[in-house]
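> Just dropping this structure here.
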Amino acid sequence: MRELIYVSQAKLQQLAPGLPKRAGGLRDVEAEVNTPVGGFKVGKAAREAEPGLAAAVAALEASSRAPRWLAEPDVRPGQWVHFEAPMSYGQVEDAVLFIDTDRADDDYPTGGRLRLLLHGSVGHLVGAPPPGPDARSLRQALGPSRSWFHVCQALRALNREDPQPTGNDDHGHPADQVAGIVRGMDRLTNRLQPEHTAAWVAGYARVTAVIPAFRQTILAATPLYVEHVAPPGG
């Protein structure tokens, strides 16, 4: 049994246009993804849980934009990556944010050095009600720029809960904006406590930003799907 947490219906339609509305119309596709920390499969069970997911994954895997491992060198915005990481998640305004643990260990050697931040719409959480017409209109108006706009707005909302006495992260020097993003990440970490609450998840996501920040790099991405997986060796 698969435990899907998040599936982007918009990305499903982009990757496999004209998907049937019912799972029974999909062909039986199963793809296996191998990563440095293990492997996982997307296939019949995922299709049964979320119509269209297996077909979209198969189309993406067969394309020239097939996902790379998130920690590979030279990953750039717009590329697809696959990830497997211990992450916690929560809602900030109308966004859902996933953040990884900030410490490295044998199972997760990139922890802390490469921070993974996944961001998407709360309406794509499995079991969530569909977004209202105002939210849909906002997505259409913002177009491709919406993804990064969305995560910045969510992090700024966290910063507003405990504003800094100096400067405004929304304007000014780019270094100040990066500092604001880092502070938002710190506040998200403090709120979600991934050191104690993170569970292993896996999935595919499209990179929206790669931000060198002090002694770490922040990799922001918007997911096609996120699911619970067993820990490495589990």
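> Largest first, how would S63, S8 line up by accessible area (1.4 Å probe)?
On the way: S63 45, S8 0 Å².
The ordering from most to least exposed comes out as S63, S8.
> Subtracting the Cα-Cα distance from 0.36 nm times the residue separation, let me have the gained length for A199 to D102 in nm, one decimal.
Details: separation 97, 0.36 × 97 = 34.92 nm, distance 1.34 nm.
That works out to 33.6 nm of additional length.
> For the stretch 77-120, which trypsin sites (Lys or Arg not before Pro) are both in a DSSP coil and crowded by at most 14 other Cβ atoms within 10 Å?
On the way: sites: R103, R113, R115; in loops: R103, R113.
Qualifying residues, ordered by number: R103, R113.
> Which order do you get for E195, E61 if you rank them by accessible area with a 1.4 Å probe, largest at the top? Can you show the working numbers first?
Working: E195 105, E61 70 Å².
Putting E195, E61 in descending order of accessible area: E195, E61.
> For H228, what accessible area in Å² do you get when you roll a 1.4 Å probe over the heavy atoms of the protein chains, rounding to the nearest 10?
Approximately 70 Å² of H228 is accessible to the 1.4 Å probe.
> Using protein chains only and a probe of 1.4 angstrom, how many square angstrom of D74 are accessible, to the nearest 10?
Estimated to the nearest 10 Å², D74 gives 100 Å².
> Grab the other residues whose beta carbon is less than 14 angstrom from that of G111, score K and R as +1, D and E as -1, and report the net.
Values: positive: R103, R113, R115, R215; negative: E84, D100, D102, D105, D106, D107, E195.
The answer is -3.
> How high is the FRET efficiency from A66 to T217, r the C-beta distance, R0 25 Å, rounded to 0.05? Present the calculation step by step, with values, prior to reporting the outcome.
Numbers: r = 23 Å, r/R0 = 0.90.
Rounded to the nearest 0.05, the efficiency is 0.65.
> Given a Förster distance of 30 Å, report the FRET efficiency between A157 and D74 from their Cβ-Cβ distance, rounded to the nearest 0.05. Mind showing how you got there, number by number?
Details: r = 32 Å, r/R0 = 1.06.
E between A157 and D74, to the nearest 0.05, is 0.40.
> Skipping prolines and chain starts, which residues have an amide H placed within reach, meaning under 5 Å, of the one on V229, given they are 5 or more residues away or on another chain?
Residues meeting the amide H criterion: W200, V201, A202.
> Go through R206, R76 and list them by solvent-accessible area, largest first, probe radius 1.4 Å.
Details: R206 60, R76 125 Å².
From most exposed to least exposed: R76, R206.
> So what J values fall out for the stretch 207-213 if you push phi through Karplus, 6.51 cos²θ - 1.76 cosθ + 1.60 with θ = phi - 60°, rounded to Hz, Gly and Pro as x?
Ordered by residue, 3J(HN,Hα) equals 5, 10, 7, 10, 10, x, 9 Hz.
> Give me the extension gain from V210 to H228: residue separation times 0.36 nm, minus the current Cα-Cα distance, reported in nm with one decimal.
Residue separation times 0.36 nm, minus the Cα-Cα distance, leaves 4.0 nm.
The values are calculated or read from the model by the stated rules, or taken from the named source; none is laboratory data. The structure presented is a predicted model; accordingly, all values stated were derived computationally and were not measured. Every residue, glycine as well, gets a Cβ built from its backbone with ideal geometry; the counts of neighbours run over all protein chains shown. The accessibility values were calculated without ligands, DNA or RNA, using every heavy atom of the protein model including side chains. Shrake-Rupley method; radii C 1.70, N 1.55, O 1.52, S 1.80 Å.
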